[in-house]
Structures are given as C-alpha cells and as structure tokens.
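**Q** Pasting in a structure now, in structure tokens, and then I'll have a few things to ask.
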Amino acid sequence: MLPGLAAWPRYLIFFLLHNCSGDKGFIGTLKFIAAYCFCLVFDPCIHYEQLSDRQRAASVHRGNTLKCDQKDLVTPKWYRFTGAAGTMMPTSCVPKYYCGTHAPGWLSGSHRTSVGQVLNGKVCFHWGGSCCHWHANIQIRKCTNFFVYKLERTPVCWLRYCGNAGFGMWQTLPFVPVEILDYSHVIFCFV
C-alpha cells in the first residue's frame with residue numbers, strides 16, 4: 001500500500017490508479033475498484049503546435065532556405081497553419097522549390113466541412129515531373145474556425161508541408177490582357 005493513501009484526494013487516487021480505458025475491474029495489487037475515472041481528454045482543436053513561418057507559405061520561393069520536415073517536425077503531432085504560413089494546406093500542386101524546400105507538400109483532396117470530424121488525408125510532394133512523387137498519410141480535423149493536421153514525418157528529406165498563404169489567388173481572379181508586345185507574347189494583369 002502507498003504511504004498516506006487515505007489522505008490523498010479521491011479524484012487523485014482514481015486518476016493514478018485507474019487506467020481510464022473503461023476497465024472497471026481491480027487495479028494491480030491494490031484491488032481497488034474505481035467507481036469513476038477522471039481522464040484528461042485530449043482535444044486537437046486546443047492542443048496543437050503552430051506552423052507560422054513565412055518560408056512555409058506555398059507562394060514563397062525557397063531562395064537560400066532549405067528545410068526538411070523529416071528532421072524539423074516532432075511527429076506524430078497535431079499542427080495548425082497560422083500567420084504568414086497561411087490558414088490551411090493548399091489543395092492543388094505547389095511548384096517545386098517553394099515553401100522553403102525542394103519538394104513542397106499539398107493536400108490531395110478537400111478539407112472536411114463538418115466541425116469535429118476527423119478525415120484521413122494524403123499529402124503529395126511535388127518533385128521531378130510528378131505532383132505526387134512522394135506522399136504522406138495524415139489526419140485532418142475541422143475545428144470551429146480552422147483546421148488542424150496530424151502530421152507524420154516526411155518520407156525523405158527536403159520535403160515540407162506547406163501553408164496556403166498567397167497561393168491559388170490567380171485561380172480565382174480574372175485575366176485581362178493589357179498590352180500585346182508581339183503575336184507570341186501577351187502580358188496579363190489582375191483586376
């Protein structure tokens with residue numbers, strides 16, 4: 001028996017002695033039957049790490065930066081894209097050499113729309129002639145106003161999960177030709 005056990009608060013005894021898995025039987029050699037189990041509930045919408053680095057944005061060329069999520073991320077863990085990185089993963093192929101790496105990662109598929117549901121997803125990494133040369137399996141959860149992603153280490157180095165900051169804007173804006181220099185070149189601008 002543990003010294004002074006009778007003086008410990010009842011909830012602390014339950015927490016320390018019960019395995020919180022639903023098993024209400026005897027616990028170890030103490031033969032203690034738990035009537036209640038106080039488990040700490042892990043909510044990825046509250047407990048996540050932020051990815052906010054500007055170099056992680058899909059619209060930013062890597063320049064002199066070369067990062068690798070195989071080495072840089074502590075995984076598996078829940079992450080949220082924020083700040084200069086964007087608010088979520090892009091859902092279309094990101095050009096090579098963007099997002100602070102050689103082979104940028106993007107979500108192949110769509111984001112869940114129902115709050116609280118977890119979706120299995122596939123992140124593709126663009127390299128060579130393929131938008132999905134490598135891939136990683138992840139989980140996505142829709143929180144009230146944002147998404148969180150349970151990320152795994154990337155399959156090899158110089159791959160990185162990207163945020164959507166500044167990416168995909170051209171897909172929704174109309175193109176308007178403003179000047180024709182010759183018959184083979186047209187300059188476009190956004191309106």
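The values are calculated or read from the model by the stated rules, or taken from the named source; none is laboratory data. Just so you know, these numbers come straight off a predicted model, no measurement behind them. Counting neighbours? That spans all protein chains shown, and the Cβs are built from the backbone with ideal geometry, glycine included.
Okay, residues lined up against (1) within 11 Å of the chain's Cα centre (by Cα); (2) within 17 Å of A58 (Cα to Cα):
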| position | (1), (2) |
| --- | --- |
| M88 | yes, yes |
| T91 | no, yes |
| K96 | no, yes |
| G116 | no, no |
| C124 | no, yes |
| Q139 | yes, no |
| L159 | no, yes |
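**Q** Okay, moving on. From P95, P76, grab the single residue that is out of contact with any helix residue (DSSP H, G or I) (no Cβ under 8 Å at 6 or more places or on another chain) and under 18 Å from W127 (Cβ atoms). Walk me through it before giving the result.
**A** Numbers: P76 fails: under 18 Å from W127 (Cβ atoms).
Within the list P95, P76, the selection yields P95.
**Q** I'm trying to understand the selection: among the residues of the stretch 153-191, which are modelled with pLDDT under 50, part of a strand (DSSP E or B) and in contact with a strand residue (DSSP E or B) (Cβ under 8 Å, 6 or more places away or on another chain)?
**A** Taking the stretch 153-191 as the starting set, the residues that turn out to be modelled with pLDDT under 50 are 170-191.
Retained after the next criterion (residues that are part of a strand (DSSP E or B)): 175-182, 185-190.
Matches in the stretch 153-191: F175, V176, P177, V178, E179, I180, L181, V186, I187, F188, C189, F190.
For (1) crowded, with 18+ Cβ neighbours inside 10 Å; (2) at pLDDT below 95; (3) of a type in the set (V, I, T), each residue gets a yes or a no:
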{"position": "S108", "(1), (2), (3)": "no, no, no"}
{"position": "H111", "(1), (2), (3)": "no, yes, no"}
{"position": "V123", "(1), (2), (3)": "yes, no, yes"}
{"position": "H133", "(1), (2), (3)": "no, no, no"}
{"position": "I140", "(1), (2), (3)": "yes, no, yes"}
{"position": "F146", "(1), (2), (3)": "no, no, no"}
{"position": "L151", "(1), (2), (3)": "yes, no, no"}
